[in-house]
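Data first, discussion second: the structure below is written as structure tokens.
Please treat every number below as a calculation from the coordinates, not as lab data. Note that this is a predicted model, so its numbers are computed, not measured. Cβ: placed from backbone, ideal geometry, glycine included. Neighbour counts: every protein chain shown.
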Amino acid sequence: MQVTRLSLGSVVLLFSLSACTLFPFFRQADGDGAVSPEGNSSARAVLELQNMEFDGESLSGRLLVGVKEGSLTLDKRLVENVSVELKSIVDCVAHQPIDFLEVDSFPEPPRRDELLTLSPGYWYGTDVRFSLFDEHLTGKQPPECFEAELQLRAENGSVPGRLHVRAERSARPSSPLDGGVPGP
């Protein structure tokens, strides 16, 4: 068995990236679908994912958060896989769990000015991007379509909102212009 040693400088550099240190881990989706809300919060959030795009590797879009009832305090940064998570990822056709990458983030705790309390009638939005599949890293071809549950985690740790998401791979980009040269 070969053991790789990291130099002290590499270890220090690795842990000094405090704002968003990212470590990818493989994960098998549980495929169980939605579960009941967690925590003791009485707030109920409404989630919308606008301009959703799945390019075969990442799911991105504009996440909007509103409140149906109660008040909700959240981290305005909406850090992927911390404040906002994708769970229960399954293939659209086979309805079987799909292996996907889960990138863990270790952000600093939010400062007071990074916390936002929403009440009914108000919305907050930001762009999100989830890196889920990497054929070069895993050797597996990403799905053409998947379904998942997007969960919002409030500052107190509760999950006040969930959204069912169905993502189909976006049309592949057209080939670069050939400058008028006929193709083979």
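Structure above, values below:
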read-out	value
Loop sites in the range 139-170: trypsin sites (Lys or Arg not before Pro), DSSP, at most 16 other Cβ within 10 Å	Lys140
Those trypsin sites (Lys or Arg not before Pro) in the range 79-117 that DSSP places in a loop and that have at most 15 other beta carbons within 10 Å	Arg111
Local electrostatic count at Gly121 - Lys and Arg +1, Asp and Glu -1, tallied over other residues with Cβ under 12 Å	0
